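Student: Quick one: the structure is below, questions incoming.
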Amino acid sequence: MKRRVLITVAALLPFLLQAQQRLTLEDCRQMAIDGNRELNQSAIEIQMATYDRGIARANYFPQISAKAAYLYNNHDINLIGDEASQLLQNGGTLIQGQLTGKMNELTQAIMSNPAAAQEFMASPMWQTMFGALSNMDVSGAINYIGSQIDEALHLDIHNVYMGVFSVTQPLFAGGKIIAANKIAALAEQLAKDKYDTKYQQVIVGIDQSYWQIVAIAAKKELAESYMGLLNKMVSDVNALVAEGVATESDLLSVKVKANEAAGMLLKATNGLALAKMLLCKEIGLPLDSEIMLADEGGEKVPVPEFMEVKTMDEIWEDRPEIKSLDIAAEIYANKVKVVRADMLPTIAATANYLVSNPNVNGGFRNEFGGRFSAGVMMNVPIFHGFEAAYKTRKAKAEAQLYRSKLEDAKEMVCLEVSKYTNERSEALESLLMAESNLESAEENLRTATIGFEEGIVDANTAMAAQTAWLKAHSEYIESGIALQMASVNLQKAQGNIKEL
C-alpha cells in the first residue's frame, strides 16, 4: 500500500512543481515594476513633461494662422442723406432749368434795348451762339454724373466676406522663451528623477518582502527540525519511563517543549502564508498563488556582493532626491529670468495678407480683392503697480528656499549613508559570530544527543542543547536577513539601485 502511495506521489510530483511558480529576486522586482500603478503614473508624467518641452520649443518658431469670416447686414452704408441724393440725381435738370431761364432773361434784355436788338439781329454770329446755347441740353449728362456719384456714395455691404493669413515671428522677448525652454527641459529631468525615486522605493519594498519570506521559511524549516528532535525525544523518554530509568516529570517536560515547537511551527506556517500573500499583491499575482522563492530552503542565507566605496559627491550625483532638489533650485532660478522678462520690451515681426469682398482696392467694389502688409510690433511695459518686481523677488526667494533644502538633503544623505554603512558592518560581524555559534551549537547538540541515547546525559541537558541549537540557528537566520536588508538600504542610500 505504501509503495503505491509513493509511486502515485512520484508520478504527480512534476505537476505539483509545475503548479508552484518559482520566482527569483529579479523576477519579483520586474513583476512589481511592471504592475506598479504609481510607477506607471510617473512614466506618464515623464511623457507629459516631454510634451511640455515640445510646447516650449514651439515658441522659437513663427505663429502662422488663417481666419475667415462672413457678415450679413440688412442695410448698406449711405454716406449722404436722401435730400443730397435727390440733388445729385436731378442736378442736371435743375442746372438746365436755370440755364434756360438765364438765356430767356438775356434775350428779353437784348430785345428791350433797340440798339442792342438791332445789333443782335444784324449779327449772324450772335444769333448762332444764342441759338446753340438755347438748344444745348446739359441735364442728361449732369444727371448721369450725379447718379454715378450717388451710387458710389451708397456702399453695398449686405454680404461681407473676409479672410486673413498672418505670420508672427518673435524677435526679442526679454529672454523669456530661452528661460521657458530651460525650465521645460529641467521639468522633464525632474519627472525622470521622481520616477527613479519611486523605482527605488518599489525595489526596496520588494526586497524586504522577499527576504522576510526567506527568513520565515527558514524558521519554519527550523521549527520542523526542532519538532522532529523533540518528537524523537518524547518517544525515547517514553521508552525510558517504561524501563524505569526516567520519571513522568521528565516526560511531561519533553512534551511541553514538543507542544511549544508545534506552536512555533504553526506560527511560522501561518506567517509564511501571509507573507507570500503580501508579496503576491505587490508583484501583481492572485493572493492564493502558489509561489516558491529561489532562496527558500537553502542551508545558508546568501551573502550580498561587496559594494564599491563611493565619495559623497558621487553619491549626491546618483541620488534622485538630491538631483530633484538641485533641478528645482535651477528651475526657480530660471523663473526669475521669466518674471524679469515681463519688465522688458518684446519685439515681433508680423506679415498679413487680407482678402475681402467688398474691397477698396481702386475704389469700393463688390468683388474679392487682397492686400499684403508687413511690419514690426513692440510692446514696452511701463507701470503695473510693481507687480513684476514683487514676482521677481518671490521667484528669488523660492530659488533660495530650494537651495537651502538641497543643503539639508545633502546632510541627511550623509547621515543616511553613515547609518546604513554601520548597520551593514554590524550585520556582517553579527553573521560571522552567529555562524561560529551555530557550529558550536550543532557540535553541542550532537554530543548531547549521543550522551542522552547512551544514558550519560539526562533529558533536561539534551533539551538545553536543543534550545541552544534552535537559538543559534534563529540568530544565524536573522543576522543573514539583517545583512541583506542593510545592504539593500545602503544600495539605496548610495543611489546604486538603477532601473533594470
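The values are calculated or read from the model by the stated rules, or taken from the named source; none is laboratory data. These numbers come from a predicted model, not from an experiment. Cβ placement follows ideal geometry from the backbone for every residue including glycine, while neighbour counts extend to all protein chains displayed. In case anyone asks, the SASA skips ligands and DNA or RNA and just uses the protein heavy atoms, side chains included. Shrake-Rupley method; radii C 1.70, N 1.55, O 1.52, S 1.80 Å.
Student: If packing is taken as the mean number of other Cβ atoms within 10 Å per residue, what is the order of 182-193, 250-261, 361-372, highest first?
Tutor: Working: 182-193: 20.6, 250-261: 17.0, 361-372: 11.7.
Peptide ranking by packing, descending: 182-193, 250-261, 361-372.
Student: Keeping the other protein chains in place, figure out the carbon and sulfur percent of the accessible area of segment 421-462, with a 1.4 Å probe. Could the numbers behind the result be given before it?
Tutor: Values: 1320 of 2640 Å².
Using a 1.4 Å probe with all protein chains present, segment 421-462 comes out at 50 percent carbon and sulfur.
Student: Say R0 is 45 Å: what FRET efficiency, to the nearest 0.05, do GLN41 and ASP458 get from their beta-carbon distance?
Tutor: Details: r = 65 Å, r/R0 = 1.45.
With a Förster radius of 45 Å, E is 0.10.
Student: Sum up the charges of everything whose Cβ sits under 15 Å from the Cβ of ALA351, counting Lys and Arg as +1 and Asp and Glu as -1, but leave ALA351 out. Don't jump to the answer; show the numbers that get you there.
Tutor: On the way: positive: LYS67, ARG371; negative: none.
Value of the local net charge: +2.
Student: Among the lysines, which have Cα under 16 Å from the Cα of LYS192 when same-chain residues fewer than 8 positions away are ignored?
Tutor: Answer for LYS192, where 16 Å is the Cα cut-off: LYS182, LYS323, LYS498, listed by chain and number.
Student: From the phi angles alone, apply the Karplus equation (6.51, -1.76, 1.60; θ = phi - 60°) to segment 215-228 and give each ³J(HN,Hα) in whole Hz, x where the residue is Gly or Pro.
Tutor: 5, 5, 4, 5, 5, 5, 4, 5, 5, 5, 5, 5, 5, x
Student: Please give the contour-minus-distance gain from ASP156 to THR50: 0.36 nm per residue of separation, less the Cα-Cα distance, rounded to one decimal in nm. Let's see the in-between values first.
Tutor: Numbers: separation 106, 0.36 × 106 = 38.16 nm, distance 5.29 nm.
Gain on extension, ASP156 to THR50, equals 32.9 nm.
Student: What figure in square angstrom, to the nearest 10, would you give for the accessible area of ARG340 with a 1.4 Å probe?
Tutor: Near enough 100 Å² of accessible area.
Student: Taking the highest mean first, how do the peptides 46-53, 286-293 order by number of other beta carbon atoms within 10 angstrom per residue? All intermediate terms of the calculation are to be shown ahead of the outcome.
Tutor: Values: 46-53: 15.5, 286-293: 14.0.
Highest mean packing first, the order is 46-53, 286-293.
Student: Given 0.36 nm per residue, what is the gain on full extension from LEU278 to THR447 after removing their alpha carbon distance, in nm?
Tutor: Difference between extended and current length: 56.7 nm.
Student: Between segment 416-490 and segment 348-366, what is the separation of their alpha carbon centroids in Å?
Tutor: So the two Cα centres are separated by 95 Å.
Student: Cα gyration tensor of segment 340-471, axes a ≥ b ≥ c as square roots of the eigenvalues: rounded (a/c below 1.5), prolate (a/b > b/c) or oblate?
Tutor: On the way: a/c = 8.50, a/b = 3.70, b/c = 2.30.
Prolate is the answer for segment 340-471, as a/c is 1.5 or above and a/b outweighs b/c.
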